[in-house]
Every structure is written in C-alpha cells, then in structure tokens.
C-alpha cells in the first residue's frame, strides 16, 4: 500500500470539494446556523431587559424538573437566565453539534464517491495502478479530514460565542462543560466515520451525488433521537455516556466500512455501471 | 519478440448476458491494432478485461507478459488508457490532472514535471495548462486525455473511441497526434472504434467484432480479400455495350455487376489480367471511355462482414493463411 498514492487521492478530492459550491455552502452554512447564529440570537435575547421573565417560562421550568440529577445539580445555584442558557447551549445543544460531522462527512463522501460516477471520471480512475484499498482509504480520508477540521474549528467558535456572549450573564468563562470533551474528540470523529461508511455503501448503489447525500442524510434521525432523549430527560450526554456512545458509533462505523470495502472494488463498481 | 497481447478463447458474461464469446487475437510489438465493431460489440469490455479491471469468465489473456487476473495493477502501471469520455477532473487544471495520474502511476515528482511539460508542449496545451479543464473545448480535453494516457511513456496504449464526439477538425488533429506519437515513441496501440475512416487511417491490423464475437481479423488488404477476393474494375463505355455474356467467360474474370448500359463493374482475379481483359473488351467492339481499378473500402468490408457470415472468414478468424 502506497501512502503517497493515498495522499494524492485525498489531495485531489479535497481540491475538488473546495471548488464545489454546493458542498462548500453546506460546509459553511450548517456550522454557521447551528453554532453561531442560533446561540448569538439567544444570547442577545437573554441579555435584553426582561429576559428573566421570558426565560422563566413554565414549560422551560417543567423541562428543567425532568432533567437528570447531575444537570440539576450543576444548575443549582444559578438564576433563571443563567440556568436556561446553560441548559440550552451546554446540554441540550450537545446532540445538535453531532449533526455537523454527520452532514459534512456525508456530503463530502457523496461528492467524492458518487460524484466520480456522476462526472464520468470513475473509469479513468479505475484504470490507474492504484489498488482498491488505496482508492478507498484516500477517498475516505478526503471526507474525514475536512470534517474533523471544520468540527474542531466550529467547536472553538461555538466556545468563543458562548463565552463572549455569556460573559455579561455569568461573569466568567463557563464553556466548554466537561461532557463536551468526549463529545467533540471521541463521538464527533465516530459520527464522521459513520457518515462516510454509510455514504460509501449507498454510493455504490446510486448514480448521483444528490442521491447518495440524501440517502445517507437519513442518519440524522440518530441525532434527532439523541436530542429528543436529552430534552425529555431520558438520556444525559455525560462524560461516560459520551464515551460509551462514541464506542458504539465507532463499532457501527466499522461495520459499515467493512461492508463498504467489500462493495468498493473495480468489478462491483463497473458491473453496476453496466446495468 | 513476444506478442504484447495474447487472447485465447476469451469469454465474459454479465449475469445472463454473454458479452464476449470465444474471442482470440494477438497484438504484436509496435503495432496499431483496431477493435472494430458497433456499440455493444464488446470492445470496451475487452479493454477492461485486458487491464484486469475484473476477471474474465473463461479463456486466457496475457498482456505485456502478465495475466490481468493476477497482475492487473502491473499492467495498468505499464499501459495508458484513453477512455471513451475524456474523464478529466474539470475543477482541476491540466497540470493538476497530470500530477494526480502521474503519482497514481508511481512516477516521481520530477518525472511528472518533466514529462508533463513535454506532453503539454507536444499537445499544444501549455498556454492553458494552469486553467481549469472545465473551461477547455472538447478537442483540448481530448488532447489532454491523450497526454494523460501517454504520461508514463507506456509500452501499450488503449484508445477507446479516441475521436468520439469531436468535430472533424479536432478529430483530424487527434488522429495526427496519435500517428505522430506512435512514430516517435514506438508504442503498441490498441484502438477501439466504430469509426471506419479512423481505423483505415491508423490501424495496421483489425479485428471486426459483433455481439462479443470475432467476425474477421487481418490487415485491410486481407479483410478486402476475405469479402472480395478479386480486384474490381469500373469500365465506362462511349456507346451501350451488349457483350456481357462474353465478358463473363473471359479468363481471369470472377464476376460482373452492371451499373448501366454504358458502365460495368468487373471483378478480376489479379492485376496482371487487366490488360488482357481490356484488350478482349476492345476486341468485342466496346468503345472504352475510362477504366478505373477500384479497391474495396473498409466500409464495404465492414458492412459486408456485419451483414453476412462469409464462408471464408473462419480461416482468418482462426489465424489461417489467406
């Protein structure tokens, strides 16, 4: 196996992604909306006079009552505004963060795998001396590396937004909470790998980038499940839950990769094209 | 010297569909060999099998001394392929495209740089080498795709429909480039085409295919003899000529075709009998205006082969003497 070949495959795909407006838009918009615009709007509202009454909503209080003891304890000595902001952006937003690696990895992988077929460049690639494994790893890395970079940068930006916008409320740097570390550095890469694995599998069966992207987008249901679970108090993404969740997702991604590699060979790719 | 390609009784099927049936041929070093046939004849599948993209269902193949089923990567490393579409990365520049394929072929950065410059100049692409290839004309894209195929100085080159979709001017340019590079580098070339003019101009030998089968193989002269063993004379008369029966009985005359009362096509056994036939025609009172020897075109050969099973074709297909 040649790492030089793997590197050039990843380099080419990343270069192409950088020039693809539809993928670039999703790479910028998703983090911008979820991790910047939404918190900024909420923090601005929270800093306005009268926000205490607004955030002292009975529904919000009922939800807070349902939260696990660990969360209630961490919010214990805070006022309503502080506890609402911390609950929302420190805890409830955590699963939302995972949408990003999933969507980014799926869109880049769809561009990389199904995009080759759509643009009719696949055959020339298959006529090269690169092995199936080199092609697969190169393409998977082309989706994995930018996803991680953007996720980590987004996390930094999110932390900055929350600390700067929240400073008048908390009077200190309050984010990230400990539960975010496994989420960002362990669960996020796992979700990125899961998105890539699913997209690779789907890409061998569909002809277009959009087809692959939309089908793999169904994985967002997983994140929505986590969000609902956490909002209803059933799941709390603590450090330990994060570690276990990451392990399970890595396992699932491994299974998808295993089947993806079986599908990603010249015969399967060309045989599918011939029909 | 050993043949560059040897194919014996090759079979391939996609599910129930038999794509290649009992195909045998060989390609000699330095030769331009053409696979000629309509769409669906099995040309592209043959090239894929020769490159080891997937294993065959039966028969044996040797390419550059390697078995594609075992050493496909080795074959691909030593050969170049021009696919039916240029298949370029249109968001990348020409140089970036060449670098990508050069690294995958195992070339060093310095080798890629030197060879790219040489090819970009040879194919007249240097001015636009740093532009995205998506902005290129079809002819430019095809020239760049040819450069990519030639990048590694391959011993063997596969060209799948090299002028497909090009305007006549660009097609001529690409054909001239293929001929020039072949002369310059002595590369063995296998061309898949349904363009008869292209095949006639470029190929030393041809394999005519239909529905995955071989119909005939040989040089153009051999294929001509296969469908029409004699030489055709077109004779035009000043006055209507009525002695057809006497002409039919002349020594060396194989067959006749009447075009009109003042013109006749005569198939003669060999060039040597032409003076005698002309003399006999004059003796029969024919007032000859013009006599023209005609070679049967590849188009006529091809259409005849595609439309009928010729009784003598098996000898050629099986490599028998003409």
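The values are calculated or read from the model by the stated rules, or taken from the named source; none is laboratory data. Since this is a predicted model, take the numbers as computed values, not measurements. Here Cβ is always computed from backbone atoms with ideal geometry, including for glycine, and neighbour counts include all displayed protein chains.
Scanning the range B:180-199 for residues that are surrounded by fewer than 18 Cβ atoms within 10 Å (Cβ to Cβ) and closer than 22 Å to residue B:49 by Cβ yields a single hit, B:194.
So that you can scan it fast, the table gives a plain yes or no per residue for (1) away from every other protein chain (no Cβ under 11 Å); (2) exposed (fewer than 14 other Cβ atoms within 10 Å of the Cβ); (3) without any contact (Cβ under 8 Å) to a residue 60 or more places away in the chain:
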{"position": "A:1", "(1), (2), (3)": "yes, yes, no"}
{"position": "A:9", "(1), (2), (3)": "no, no, no"}
{"position": "A:15", "(1), (2), (3)": "no, no, yes"}
{"position": "A:19", "(1), (2), (3)": "no, no, yes"}
{"position": "A:26", "(1), (2), (3)": "yes, no, no"}
{"position": "A:30", "(1), (2), (3)": "yes, no, no"}
{"position": "A:38", "(1), (2), (3)": "yes, no, yes"}
{"position": "A:43", "(1), (2), (3)": "yes, no, no"}
{"position": "A:46", "(1), (2), (3)": "yes, no, no"}
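Residues in the range A:102-122 that are more than 17 Å from residue A:263 (Cβ to Cβ) and touching a residue at least 40 places away in the same chain (Cβ under 8 Å): 8 in all.
Regarding residue A:236, is this residue outside any helix (DSSP H, G or I) and at pLDDT below 80? The answer is yes for residue A:236.
All of (1) assigned to a strand (DSSP E or B); (2) more than 9 Å from every other protein chain (Cβ to nearest Cβ); (3) touching a helix residue (DSSP H, G or I) at 6+ places or on another chain (Cβ under 7 Å) hold for residue B:33 with one exception: (3). Exactly one residue among A:272, A:230 is more than 30 Å from residue B:44 (Cβ to Cβ), part of a helix (DSSP H, G or I) and modelled with pLDDT under 80, and that residue is A:230.
The set of residues from the range B:267-290 being buried (at least 16 other Cβ atoms within 10 Å of the Cβ) and farther than 22 Å from residue B:227 by Cα comprises B:277, B:278, B:280, B:281, B:286. Look at residue A:46 and say whether it is at pLDDT below 80 and more than 20 Å from residue A:175 (Cβ to Cβ). No: the conditions fail for residue A:46. Given the criteria in contact (Cβ under 8 Å) with a residue 24 or more places away in the chain, within 27 Å of residue A:116 (Cα to Cα) and in contact with a strand residue (DSSP E or B) (Cβ under 8 Å, 6 or more places away or on another chain), does residue B:78 qualify? Answer is yes for this residue.
Of the strands (runs of 3 or more DSSP E) lying entirely inside the range B:176-263, the ones with 1 or more residues being at pLDDT 90 or above and over 30 Å from residue B:279 (Cα atoms) are found at B:188-193, B:205-210, B:213-218. Assessment of the range A:124-145 against the conditions (under 20 Å from residue A:42 (Cα atoms), over 18 Å from the mean Cα position of the chain (by Cα) and touching a residue at least 60 places away in the same chain (Cβ under 8 Å)) yields no matching residue.
Got at least one residue in the range B:61-68 being out of contact with any strand residue (DSSP E or B) (no Cβ under 9 Å at 6 or more places or on another chain) and modelled with pLDDT of 90 or more? Looking through the range B:61-68, at least one residue is out of contact with any strand residue (DSSP E or B) (no Cβ under 9 Å at 6 or more places or on another chain) and modelled with pLDDT of 90 or more.
Residues being assigned by TED's automatic domain parsing to the domain that holds residue B:181, more than 18 Å from residue B:19 (Cα to Cα) and buried (at least 23 other Cβ atoms within 10 Å of the Cβ) are represented in the range B:49-66 by at least one member. Residues that are within 14 Å of chain B (Cβ to nearest Cβ), over 28 Å from residue B:134 (Cα atoms) and part of a helix (DSSP H, G or I) occur at least once in the range A:119-136.
Every listed requirement among (1) modelled with pLDDT of 80 or more; (2) away from chain B (no Cβ under 14 Å); (3) closer than 25 Å to residue A:136 by Cα; (4) more than 18 Å from the chain's Cα centre (by Cα) is met by residue A:266 save one, (2). Candidates are the residues of the range B:76-87 that are under 12 Å from residue B:149 (Cβ atoms) and facing chain A (nearest Cβ under 7 Å); the one that is surrounded by the most Cβ atoms within 10 Å (Cβ to Cβ) is B:81. Residue count for the range A:164-182, restricted to those that are buried (at least 16 other Cβ atoms within 10 Å of the Cβ) and assigned to a loop (DSSP other than H, G, I, E, B): 5.
Given the conditions (1) within 18 Å of residue B:154 (Cα to Cα); (2) touching a residue at least 60 places away in the same chain (Cβ under 8 Å); (3) more than 9 Å from every other protein chain (Cβ to nearest Cβ), and given that residue B:46 satisfies all but one, which numbered condition is not satisfied? Result: residue B:46 passes all but (1). Whether a residue is more than 14 Å from chain B (Cβ to nearest Cβ), over 28 Å from residue A:74 (Cβ atoms) and either modelled with pLDDT under 80 or assigned to a helix (DSSP H, G or I) (or both) was assessed, and residue A:225 does not pass this test. Does at least one position in the range B:51-67 carry a residue that is facing another protein chain (nearest Cβ under 9 Å), touching a helix residue (DSSP H, G or I) at 6+ places or on another chain (Cβ under 9 Å) and in contact (Cβ under 8 Å) with a residue 60 or more places away in the chain? Yes; the residues of the range B:51-67 include at least one that is facing another protein chain (nearest Cβ under 9 Å), touching a helix residue (DSSP H, G or I) at 6+ places or on another chain (Cβ under 9 Å) and in contact (Cβ under 8 Å) with a residue 60 or more places away in the chain.
Considering B:233, B:264, B:238, the condition of being touching a strand residue (DSSP E or B) at 6+ places or on another chain (Cβ under 7 Å), surrounded by fewer than 16 Cβ atoms within 10 Å (Cβ to Cβ) and outside the structural domain of residue B:158 (by TED's automatic domain parsing) is satisfied by B:238 alone. Every residue in the range B:161-175 that is closer than 17 Å to residue B:137 by Cβ and not in a helix (DSSP H, G or I), please. B:162, B:163, B:164, B:165, B:166, B:167, listed by residue number.
In this structure, does residue A:246 turn out to be exposed (fewer than 15 other Cβ atoms within 10 Å of the Cβ) and at pLDDT 75 or above? Considered against the rule, which asks whether it is exposed (fewer than 15 other Cβ atoms within 10 Å of the Cβ) and at pLDDT 75 or above, residue A:246 comes out as no. Please go through the range B:91-146 and give me each residue that is over 24 Å from residue B:77 (Cβ atoms), within 9 Å of chain A (Cβ to nearest Cβ) and in contact with a helix residue (DSSP H, G or I) (Cβ under 7 Å, 6 or more places away or on another chain), ordered by number. Listed by number, the list holds a single entry, B:91.
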